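Engineer: Take a look at this one; I'll ask things after.
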Amino acid sequence: MAVATFPHMNEYSPAFRMILEELGHEVIMPLRPSKRTLTLGSSFGPEFACIPLKILLGTYLEAIEKGANLIVTSGGVGPCRAGLYASMHKEILRSLGHDIDMVVFEPIRHKPLDLLKSVHRLNVARLMPWQLFDLLYRAWQMISYLDQLEHLLHWTRPRELKPGTADAIYRAGVDSLCKERSLKGITSRGRQAVAEMKAIPIDKDADPLKIGIVGEIYVVIEPAANLDIERILGELGVEVHRSIFLTGWTKENVVKEGHRVKAGMVARPYLGEMVGGHGQESIGHTILYAREGLDGVVQLAPFTCIPEIVAKSILPAVSRDFDIPVISFFLDEQTGEAGFRTRLEAFVDLLARRRSRKRQEKQPA
């Protein structure tokens, strides 16, 4: 029997585990990435590879230590190295003596037949089509509630009367939701968790700074890759607006719609070509955040990420034209949390003083 594992990404692991287990696999849950994870990946991965490749490699090695022999992951398209991650990981693992099988899910709009082949290959339980639909729908509902809870967490953190309440209720809600497998249970637990998040006592007069986060998908979504930036900003009294959630990313890769498509369109005057990854969208989301009245934008990217390097070279013009401050962080295994937090604190302080000055200028003499 294949013993499967997959990349760790935020809180979505239980949904992926449910899918693989009901398809008939034993599952090794990926550990939340740690310093050991990154050290493993950095030791055996190419020196100038980006941090997602190294974290994923370390994650796979940790799962292999526990008996995993099948990796289920995603692919990619366009001029970005992410589409080659699976092939590189497979070659590196085999060079280390690990006989690993790998199933790669390519974006459905680009390679629909490959997706069906991958599902058939994983379906060792031989679920019928309607059973597969039911399984995927339940997983989708779980992921949708997880994203709802995280949206609420970002909104509530800078407004809660008792610091830490939102994080505690969020954690309890996620844990409760992820124990369910039936649609009824997922729906019930999800609604309950959302209701509890909405019931947290808040300062109704609070007017927190609002900062958008743009950049490469893995470092934007995975806290271990971005030094938990959303928590840090929340503790600094900032309402976070994140450009990428798994539900939105999935919709945009199944059908051509959503915020990413809109971001690509508004970015065209500055970058008319798809440069891979989320480079074009980083520019577009920054423009959209400026139009929505956000106070600033943080760009997150792996060190050596070409699409985000292209975006970074254009963002100063966007910042000037749309009057929105932007700060960029390029992250790797050498990035220190203390320096990272210091730069964030300085940026938040700048935005607070900037907002105060602009409001004073609008007051009648």
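Bear in mind that the values in this text are calculations on the coordinates, not laboratory data. What you see is a predicted model, and the numbers here were worked out from it, not measured in a lab. Cβ atoms come from the backbone with ideal geometry, glycine included; neighbour counts cover every protein chain shown.
Engineer: Would you mind calculating the gained length between H151 and R231 on full extension (0.36 nm times residue separation, minus the Cα-Cα distance), in nm to one decimal?
Structural biologist: Values: separation 80, 0.36 × 80 = 28.80 nm, distance 1.26 nm.
Gain in length upon complete extension: 27.5 nm.
Engineer: Which ³J(HN,Hα) values in Hz, rounded to whole numbers, follow from the phi angles of the range 294-304 under the Karplus curve 6.51 cos²θ - 1.76 cosθ + 1.60, where θ = phi - 60° and Gly and Pro get x?
Structural biologist: With coefficients 6.51, -1.76 and 1.60, one gets 5, 7, x, 9, 10, 9, 10, 8, x, 4, 6 Hz.
Engineer: What residues qualify as long-range amide H neighbours of D332, i.e. H under 5 Å apart, gap of 5 or more or another chain, H built at 1.01 Å from N?
Structural biologist: F303
Engineer: Whole Å is fine, so just give me how far the alpha carbon centre of the range 271-344 lies from that of the range 80-109.
Structural biologist: 28 Å
Engineer: In addition: Looking at the chain as a GNM with Cα springs under 10 Å, which of F105, F133, F44 has the largest mean-square fluctuation?
Structural biologist: It is F133.
Engineer: Starting at the first residue of the range 11-23, write each ³J(HN,Hα) from the Karplus equation 6.51 cos²θ - 1.76 cosθ + 1.60 with θ = phi - 60°, in whole Hz, x for Gly and Pro.
Structural biologist: For the range 11-23, the Karplus-derived couplings read 9, 7, 3, x, 5, 5, 4, 4, 4, 5, 5, 6, 7 Hz, x marking Gly and Pro.
Engineer: Further, regarding this structure: Give me, ordered by chain and number, the residues 5 or more places off F105 or on other chains with an amide H under 5 Å from its own placed amide H.
Structural biologist: T73, S74, G75
Engineer: Using θ = phi - 60° and the Karplus curve 6.51 cos²θ - 1.76 cosθ + 1.60, what whole-Hz ³J(HN,Hα) does each residue of the range 349-363 get, with Gly and Pro shown as x?
Structural biologist: So the Karplus estimates, Gly and Pro as x, are 5, 4, 5, 5, 5, 5, 5, 4, 5, 5, 5, 5, 5, 7, 5 Hz.
Engineer: How high is the FRET efficiency between K251 and E47 when r is their beta carbon distance and R₀ equals 51 Å, given to the nearest 0.05?
Structural biologist: So the FRET efficiency works out to roughly 0.90.
Engineer: Calculate the FRET efficiency for Y137 and H98 from the Cβ-Cβ distance with a Förster distance of 35 Å, rounded to the nearest 0.05. Intermediate results must be reported in sequence, preceding the final value.
Structural biologist: Working: r = 34 Å, r/R0 = 0.98.
The computed FRET efficiency comes out at 0.55.
Engineer: Applying 1/(1 + (r/R0)^6) with R0 = 45 Å to the Cβ-Cβ distance of Q360 and M274, what FRET efficiency is obtained, to the nearest 0.05? Walk me through the intermediate numbers first.
Structural biologist: Working: r = 42 Å, r/R0 = 0.94.
The formula returns an efficiency of 0.60 here.
Engineer: Amide H to amide H, which residues 5 or more places from V3 or on other chains are under 5 Å from it, using H placed in the peptide plane?
Structural biologist: The answer is N69, L70.
Engineer: What ranking, highest mean first, results for peptides 355-361, 122-128, 263-269 when packing means the other Cβ atoms within 10 Å averaged over each residue? Mind showing how you got there, number by number?
Structural biologist: On the way: 355-361: 10.0, 122-128: 13.7, 263-269: 16.9.
Final packing ranking: 263-269, 122-128, 355-361.
Engineer: Here is a follow-up. Kindly rank 46-58, 276-288, 200-212 from highest to lowest mean number of other beta carbons found within 10 Å of each residue.
Structural biologist: Working: 46-58: 21.8, 276-288: 27.0, 200-212: 15.6.
Ranked from most to least packed, the peptides come out as 276-288, 46-58, 200-212.
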